[in-house]
Amino acid sequence: MTRSDEVFLIASTGSNSGHSGYAGAGNDGCMHPLTSLRSIQTGAGVLILTFEGSANVDVVTLSCIADELKAAKQLTRICNNAGRNTQSNVIVLANGPAATATVTVCAEITGCTTIA
């Protein structure tokens, strides 16, 4: 059971490949409590989010603008503010890859590339 004020992070690659209608068939989407986020690392045009305590998903890779540090700072600010605002307890990181994502948490995040 979760607390009523728990903030959740949701991500999707927008892909249904390998999905055959049951859980675990493909990691094309995930939801984690913000409290399980352990680190945000930067790479060339990506942010790599590492989570603790998940059976199937430990890492979510988000594509971002060329200034990865700016993207990481903005994501951190949003997560920090969401933890203080109990009216909005869901943060959609990205709902698809960079080319097709229609929702991202901020302009600096362009999509979700992998969920592993």
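Values quoted throughout were computed directly from the atomic coordinates according to the rules given, and no laboratory measurement underlies them. Just so you know, these numbers come straight off a predicted model, no measurement behind them. Cβ placement follows ideal geometry from the backbone for every residue including glycine, while neighbour counts extend to all protein chains displayed.
Summed over the range 31-74, the residues that are among the polar types (S, T, N, Q) and in a loop (DSSP other than H, G, I, E, B) give a count of 2. Only residues that are within 18 Å of Q41 (Cα to Cα) and touching a helix residue (DSSP H, G or I) at 6+ places or on another chain (Cβ under 7 Å) were counted across the range 57-113, and they come to 7.
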